[in-house]
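The values are calculated or read from the model by the stated rules, or taken from the named source; none is laboratory data. Because the structure is predicted, anything quoted here is derived from the model rather than measured. Cβ atoms come from the backbone with ideal geometry, glycine included; neighbour counts cover every protein chain shown.
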Amino acid sequence: MATEFTGGCRCGQLRYRFEQDGPLLNYCCHCLDCQKSTASAFADQLIVSTDALTLTGRSVTYSTERPSGGTTNNRHCPDCFSRVCNANTAYPAMTIVRAGTLDDPSEPEPFAHMWTSRKRGWIVIDPAVPTFAESPDPAEFMRIAATRRAG
Ligand SMILES: [Zn+2]
Ligand SMILES: [Zn+2]
């Protein structure tokens, strides 16, 4: 059964919606780039099918080259500068939506944490949740995500 999720930037100008089956696929990244780009301790992110995602409103794109390959295109609201989502040209089928932009913030616990080697010392992760010291192998990571999707 498909569920609709909605969200948007802080000022409400840039909005999005997507429908998907099953629970949200949210994970956290503790890398230093994510700390800088979120201006916070870690990034709380959602894997969303690019085909399922609809953005409405104006956006500006800030692009960064990934050391691991591809270009990450970050979509920001040009008025309040919230970063709403990003996608890597190496993985066009999926878009990473910033979980903090959801209208309903009652997301489930993350299915994984990555770059825990950069994690702030005061953050305690449930030992039952998989962690990766740096970037996980993409196939392994998506296998864990699929376990969440299957419930
Ligand atoms: Zn905005
Ligand atoms: Zn990161």
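Remarks
- When Leu32 is tested against the conditions (1) more than 16 Å from ligand 1 (Cβ to nearest atom); (2) within 23 Å of Arg17 (Cα to Cα), the lone failure is (2).
- Members of segment 38-66 that are within 16 Å of ligand 1 (Cβ to nearest atom), within 23 Å of Pro105 (Cβ to Cβ) and hydroxyl-bearing (Ser, Thr, Tyr): Thr38, Thr56, Ser59
- Considering residues of segment 1-20 that are away from ligand 1 (no atom under 16 Å from the Cβ) and either of a type in the set (S, T, N, Q) or without any contact (Cβ under 8 Å) to a residue 24 or more places away in the chain (or both) only, the residue nearest to Lys119 (Cα to Cα): Gln20
- Qualifying residue in segment 22-36 (condition: polar (S, T, N, Q), within 14 Å of ligand 2 (Cβ to nearest atom) and within 20 Å of Trp122 (Cα to Cα)): yes
Per-residue answers, yes or no, for (1) modelled with pLDDT of 95 or more; (2) of a type in the set (Lys, Arg):
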position: Thr64; (1), (2): no, no
position: Trp115; (1), (2): yes, no
position: Lys119; (1), (2): yes, yes
position: Val129; (1), (2): yes, no
position: Phe132; (1), (2): yes, no
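- Extreme residue, surrounded by the most Cβ atoms within 10 Å (Cβ to Cβ), among residues of segment 97-150 that are within 22 Å of Gln20 (Cα to Cα) and of a type in the set (S, T, N, Q): Thr101
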